[in-house]
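Since the structure comes first, as structure tokens, the remarks are kept for the end.
The values are calculated or read from the model by the stated rules, or taken from the named source; none is laboratory data. Values in this document were obtained by computation on a predicted structure and should not be read as measured data. In this analysis, Cβ positions are derived from the backbone assuming ideal geometry, glycine residues included, and neighbour counts consider all displayed protein chains.
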């Protein structure tokens, strides 16, 4: 459901923008005038959040969306061939999607950092190039020739403002972003995909007064909401394992109900393992353990409690129902062979996986085990804190008995 929500929200905003178009004729003149300021209101919130959370990958697309909307307001269409507004529009229709594609695949480096300033300068250079093209008749004609040429012998739909090269730019840039979204489902990546679609629609119907207004607003809202979603994800997810963090666990326990089971899991001898093989290998161990805990059966919801300790909550279950699943998880982790990188082990992911599977090379195979303590809610333990404390005591007993076992 969480993954589906990440896609549904952008789609819902775009559908809402389409639906709002049908309400424009019924609006009074004062309401229409007020609606034209909606992008500015949305932009102020988006810029404030981007700066507050230091999200350069969102701030720069917001600036691009604002620049396009200012163009439509300062120089309303139709854009006559050979005029400066027409040159700016043609350049923007090709540059904007490629910039969104670049921002999607760039790593977050902040706003007021060296990388952030370089990216702002990169946009400034593009603006300077467009300004130069506007001032030079020869360059302006070249832009019109390149951005306005016909690529295929197919006419665009009636009323389209985009040229064939601009349509191709939007499609070619949307496809890699779509693939990235399918693989990562990052809130900012999803928002950038929605922004490409929304701004493409706005540019394609730039002659319709309220299409740019509504769809630029939608693009800005998508990017603004993505900042909140991404910040929430960072606060409630563990970067190393990808599991919900202890903060998410603290929120979960507030609504557990009366019947549930809590399991506390700990990697055996993890400190000794870290001291022997190094923290990088220790991180590999935690990622491996986290990936298997994430697939626990029986309806368990996993969390990283802290360090090498994990928590699983089973809602509406009792001890008998979950013990077998925890035993299966313990055996699966204990039987996994983790290959320490040898001098001949390739760095490529595919080749490295083949080495791990076959055990070839001069790397060393190691295994880790986990101990598990389990407790269930009941008459003698009414609060989640008491159940977690009981599960922690059971974990301690599992350690005392020799580790690599489940204790209740």
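Being at pLDDT below 90 and under 20 Å from residue 329 (Cβ atoms) is the filter here; which residues of region 267-281 pass it?
Answer for region 267-281, where residues must be at pLDDT below 90 and under 20 Å from residue 329 (Cβ atoms): just 273.
For residue 179, are the conditions met, namely being modelled with pLDDT of 90 or more, within 22 Å of residue 92 (Cβ to Cβ) and assigned to a helix (DSSP H, G or I)? Even if it seems obvious, please write down each step before you answer.
Details: modelled with pLDDT of 90 or more: yes; within 22 Å of residue 92 (Cβ to Cβ): no; assigned to a helix (DSSP H, G or I): yes.
When the stated conditions are applied, residue 179 does not pass them.
Within region 110-127, can one find any residue that is within 18 Å of residue 149 (Cα to Cα), in contact with a helix residue (DSSP H, G or I) (Cβ under 7 Å, 6 or more places away or on another chain) and assigned by TED's automatic domain parsing to the domain that holds residue 184?
Let us first name the residues in region 110-127 that are within 18 Å of residue 149 (Cα to Cα), namely none.
Checked against the condition, which is being within 18 Å of residue 149 (Cα to Cα), in contact with a helix residue (DSSP H, G or I) (Cβ under 7 Å, 6 or more places away or on another chain) and assigned by TED's automatic domain parsing to the domain that holds residue 184, region 110-127 yields no hits at all.
Taking region 316-355 as the search range and keeping residues that are closer than 14 Å to residue 288 by Cα and part of a helix (DSSP H, G or I), which one is modelled with the lowest pLDDT? I'd like the intermediate steps shown before the answer.
We begin by selecting, within region 316-355, every residue closer than 14 Å to residue 288 by Cα; these are 329-340, 353.
Checking the rest, the ones that are also part of a helix (DSSP H, G or I) come to 329-335, 353.
Details: 329: 94, 330: 94, 331: 94, 332: 94, 333: 94, 334: 92, 335: 92, 353: 54.
My answer is 353.
What are the residues in region 310-340 that are within 26 Å of the chain's Cα centre (by Cα) and under 12 Å from residue 370 (Cβ atoms), if any?
Answer for region 310-340, where residues must be within 26 Å of the chain's Cα centre (by Cα) and under 12 Å from residue 370 (Cβ atoms): 310, 312.
For region 256-266, does any single residue satisfy the condition of being part of a helix (DSSP H, G or I), modelled with pLDDT under 90 and in the same structural domain as residue 390 (by TED's automatic domain parsing)?
Filtering region 256-266 down to residues part of a helix (DSSP H, G or I) leaves none.
So far as region 256-266 goes, no, none of its residues is part of a helix (DSSP H, G or I), modelled with pLDDT under 90 and in the same structural domain as residue 390 (by TED's automatic domain parsing).
Residue 52: in the same structural domain as residue 144 (by TED's automatic domain parsing) and surrounded by fewer than 20 Cβ atoms within 10 Å (Cβ to Cβ), yes or no?
Values: in the same structural domain as residue 144 (by TED's automatic domain parsing): yes; surrounded by fewer than 20 Cβ atoms within 10 Å (Cβ to Cβ): yes.
It is true that residue 52 is in the same structural domain as residue 144 (by TED's automatic domain parsing) and surrounded by fewer than 20 Cβ atoms within 10 Å (Cβ to Cβ).
Test each condition in (1) under 24 Å from residue 393 (Cβ atoms); (2) touching a residue at least 60 places away in the same chain (Cβ under 8 Å); (3) in a loop (DSSP other than H, G, I, E, B) for residue 296 and report the one that comes out false.
Residue 296 satisfies all of (1) under 24 Å from residue 393 (Cβ atoms); (2) touching a residue at least 60 places away in the same chain (Cβ under 8 Å); (3) in a loop (DSSP other than H, G, I, E, B) except (2).
Give me the pairs, please: first residue somewhere in region 148-164 and farther than 14 Å from residue 86 by Cα, second residue anywhere and exposed (fewer than 15 other Cβ atoms within 10 Å of the Cβ), beta-carbon distance under 6 Å, and either six or more positions apart or on two chains.
Pairs that qualify, where the first residue is farther than 14 Å from residue 86 by Cα and the partner is exposed (fewer than 15 other Cβ atoms within 10 Å of the Cβ), are 164/150; 164/151.
Would you point out the residue of region 182-200, among those that are free of Cβ contacts under 8 Å to residues at least 60 places away in the same chain and not in a loop (DSSP other than H, G, I, E, B), that is nearest to the chain's Cα centre (by Cα)?
The initial filter retains those residues of region 182-200 that are free of Cβ contacts under 8 Å to residues at least 60 places away in the same chain, namely 182-184, 186.
Those still in the list that are not in a loop (DSSP other than H, G, I, E, B) too: 182-184.
On the way: 182: 10, 183: 10, 184: 7 Å.
So, considering only residues that are free of Cβ contacts under 8 Å to residues at least 60 places away in the same chain and not in a loop (DSSP other than H, G, I, E, B), the one nearest to the chain's Cα centre (by Cα) is 184.
Given the options 219, 174, 144, 138, name the one that is assigned to a helix (DSSP H, G or I), assigned by TED's automatic domain parsing to the domain that holds residue 101 and under 20 Å from residue 69 (Cα atoms).
Values: 174 fails: under 20 Å from residue 69 (Cα atoms); 144 fails: under 20 Å from residue 69 (Cα atoms); 138 fails: under 20 Å from residue 69 (Cα atoms).
It is 219.
Please specify each residue of region 251-290 satisfying the condition of being loosely packed, with under 13 Cβ neighbours inside 10 Å and under 24 Å from residue 321 (Cα atoms).
Hits for region 251-290 are 254, 255, 257, 258.
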